[in-house]
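These notes concern the structure reproduced below.
The values are calculated or read from the model by the stated rules, or taken from the named source; none is laboratory data. The structure presented is a predicted model; accordingly, all values stated were derived computationally and were not measured. All Cβ positions, even for glycine, are placed from backbone atoms using ideal geometry, and neighbour counts span all protein chains on display. Keep in mind that these areas ignore ligands, DNA and RNA; they rest on the heavy atoms of the full protein, side chains included. Shrake-Rupley method; radii C 1.70, N 1.55, O 1.52, S 1.80 Å.
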Amino acid sequence: MNISESMWHGFKAINLDSTKIRVVMVPQLGAKIVSMFDKVSQYEWLVPPVRPVKELSYGATFVKQDMSGWDEMMPTINACEFDGVFLPDHGEVWSIPWDIESLENQVTLTTSGIALPYRITRKAILSAENCLALQYEMENRSAKAIPYLYAAHPQFLADAQTRIKFPSQVTKVLNIIENDPVWGVVETPVDWPEAVSANGTVWQLDRVRGVEHRACRKFYIQPDQPIDWAALQHEGLGCQLKLSWSAKDLPYFGLWIDEGIHSAVPVAALEPCSGYYDSLMVAANNERVSILNAGEKKNWEIQIHLEKLL
């Protein structure tokens, strides 16, 4: 593994390279991962900026930014008020700078919460020629327990040749968009991967349509059916990006699809997470949220494998 520095749209970037993968991240922009490039298939998996890249400010509206790459969501996704504290849109840590703690054999970045007293650290390591391991540690720096919702938020490119893959036991997902015009009220079960909407239209939900449709959807895997991997397969190039994690650490999983609502290109976001669902307030009310006790530390890991399909 080779670690080097470069510039990305005027911001200092850190590059991790092996013979098979290149990863680029920008500490100043919430530790955003801006490139995940498969050198074997010559394919970039992450969405490039769809708007000019600019300095971020705490509490910014997420969808008004450049909408590229992999962001970290903590301690909520939707803005909400929890226990008398306001938590901004898509959480805190995506919009604040992270400090570089180490560039020795790994890229270690860290930052602290503003609304809540926690510290989060992410170590990025190329654990194999084709594998990026993201290792997280969260520390509660207060004298009381903190409920939190962590979610990965990688915006992956999903063209007409891309297929979304889940473990075979997944046969239904749940809509969590309020009064969705296609999928109804929240927590309505929807067949996976082929579903029929209320008006009789047949949908291939493991595919993402073009941006001309100006549509979106957000599903969760049923919360009592945790999974530990999800993948995107590019059938044209014969390659795959596969995320894997411990279902004990990240027991919930969300799938965000953007077909031109916010992005200029079709997007599939694979989101392993620690709460169900997008608002910390909702997750706490559902009693499906992670708790970090006073002074406690928690660790979790997400691995990203870039592979050729057999």
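Side notes on the structure shown:
- With only Cα atoms counted, the stretch 104-193 has Rg and Dmax values of 18.7, 51 Å.
- Cα-projected label distance for ASP228 with VAL182, points at 7 Å along beta-carbon direction, nm: 3.2 nm
- Residues of the chain: accessible area per residue with a 1.4 Å probe, Å²: 40 Å²
- Loop-located GluC sites (Glu not before Pro) in the stretch 101-195 (DSSP state not H, G, I, E or B) with no more than 10 neighbouring Cβ atoms inside 10 Å: GLU104, GLU178.
- Under a model in which nothing but the beta-carbon of Lys, Arg (+1) and Asp, Glu (-1) is charged, the chain shows a dipole of about 300 debye around its Cα centre.
- Protein accessible area in the chain, 1.4 Å probe - carbon and sulfur %: 49 percent
- Distance in nm between pseudo-label sites at ASP99 and SER168 (7 Å out along the Cβ direction from Cα): 5.0 nm
- For the stretch 258-264, putting each phi into the Karplus relation 6.51 cos²θ - 1.76 cosθ + 1.60 with θ = phi - 60° gives couplings of 10, 10, x, 6, 10, 10, 8 Hz, in residue order, rounded to whole numbers and with x for Gly and Pro.
- Oblate is the label for the stretch 167-310, because the ratio a/c of its alpha-carbon gyration tensor axes (a ≥ b ≥ c) is 1.5 or higher and a/b is not greater than b/c.
- Debye intensity ratio I(q)/I(0), log10, the stretch 230-310, q values 0.10, 0.11, 0.23 Å⁻¹ (C-alpha model): -0.36, -0.42, -1.14
- Its Cα centre serving as origin, the stretch 79-132 has a Cβ charge dipole (Lys and Arg +1, Asp and Glu -1) of approximately 120 debye.
- Point-charge dipole on Cβ atoms (K/R +1, D/E -1) for the stretch 42-95, about Cα centre, debye to 20: 240 debye
- Loop-located GluC sites (Glu not before Pro) in the stretch 228-310 (DSSP state other than H, G, I, E, B) with a sparse environment of at most 11 neighbouring Cβ atoms within 10 Å: GLU287.
- Entries in LYS242/LYS297; LYS172/LYS242; LYS32/LYS64; LYS54/LYS218; LYS144/LYS297 that, when Cα-Cα distance is taken, lie over 18 Å: LYS242/LYS297; LYS172/LYS242; LYS54/LYS218
- Summed over qualifying helices (DSSP H, 4 residues or more, each -39500 (n - 2.57)) and divided by its residue number, the chain shows a 222 nm mean residue ellipticity of -500 deg cm²/dmol.
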